[in-house]
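Reviewing the structure listed below.
The values are calculated or read from the model by the stated rules, or taken from the named source; none is laboratory data. These numbers come from a predicted model, not from an experiment. Cβ: placed from backbone, ideal geometry, glycine included. Neighbour counts: every protein chain shown.
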Amino acid sequence: MASSDDELDPTPGTIYFIREGDFNGNPISNFVKIGLTKLDRTPQDRQKDLKTGNPRELYVHRAVPVPFVRDIETALHYEFLPQHVYLEWHEFAPSSERTLEDAIAACELLATEFAGYIETASESQRLKTVMPHGSSIPTSSEAEQWKHEFLLHHEIMALQDKAKKFRREAVMTALQQGEKIPAGVSVSQSQRNTYDWPAFKLKFPEIYEMHLKPNWTQDFQVSGARLKATKASFREHPLVTSLSKEISEYRQQLAAVTSEAPYDEYSKPHRQWKRILQMSEFSKTRKRIARCHLMALCGEASGIEDVCTWGREPAEPRLDTETIRKNHPDLVKQVLIDSTTVTTVE
């Protein structure tokens, strides 16, 4: 089973909790913005940005220094999704199940937990450009533990992917038939361009060469003699069964949405979808954490017996097309082959 190419980002920063208040710094609403700043900016800088155009006073209620700032911000946004109202703003009303102090405590716990991953993430990153020797090392209880963690969150993400596919198909069908789509669904269109990069190389060889980056192929796979049986056992895990139940309920609610549906039926799927994301989205990060640990445990070996294999070797340099498109848009237009419209359902 190959893992995602997504990696943990160990970049440190600060998670801030900005509130609306009076000019004495007393809160006057239940709305709180949970966001991040990296080391080049402070929460107070962000507060000043947000103050522009806002008739109310804003103040930094709490700021928590953290490693892996993007991963921790994402975790908080999904854990407190029921309190979400708009963009990064959340409402912690007296009637809310979770409080602002709960969110701050969760942030501090995540900061402590992720601080323990800094060395492992750094080591796994270093090993990506180290040629492995041809043998595997014996398994260990630690390796088995991280394999279990990886497979569990892989199963959760597979369920979420199926739910996303079903959701998109239901929304696209409703659009094609001119029917109402559920509340909370955002449909947008963008252009996906195809470029002739060999032609770009011929026209602008110096720019092409400047944007070639060192590249290594990575083939990391969780393995084992009883992998299929192990994966099947996760379908009975409480996290997986609970998520499956919520997704089943969501499918039923989507099916009930029609143009004549009352508002309550129309908005139910949105509340249910938030619940599904709250339960599953952070599994992406949990899976990455497990992968980092397994890579670090592999070291310079080619795998861990009955746990995983990890092949890596130098490859042809990779062209940084994103930077070329950003820095030389007029030149890139000269090698545009095709442009298609892509519909995205969020």
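Details
- Here Lys231, Lys287, Lys245 are screened, and the one residue that is in a helix (DSSP H, G or I), without any contact (Cβ under 8 Å) to a residue 60 or more places away in the chain and not aliphatic (A, V, I, L, M) is Lys245.
- Among the candidates Gly303, Gly311, residue that is touching a residue at least 40 places away in the same chain (Cβ under 8 Å), out of contact with any helix residue (DSSP H, G or I) (no Cβ under 7 Å at 6 or more places or on another chain), surrounded by 15 or more Cβ atoms within 10 Å (Cβ to Cβ) and assigned by TED's automatic domain parsing to the domain that holds Trp216: Gly303
- From the options Pro238, Pro317, Pro214, residue that is under 30 Å from Ala183 (Cβ atoms) and outside the structural domain of Arg70 (by TED's automatic domain parsing): Pro238
- In this structure, Ala296 qualifies as outside the structural domain of Phe68 (by TED's automatic domain parsing), surrounded by 14 or more Cβ atoms within 10 Å (Cβ to Cβ) and either out of contact with any Pro (no Cβ under 7 Å at 6 or more places or on another chain) or outside any loop (DSSP other than H, G, I, E, B) (or both).
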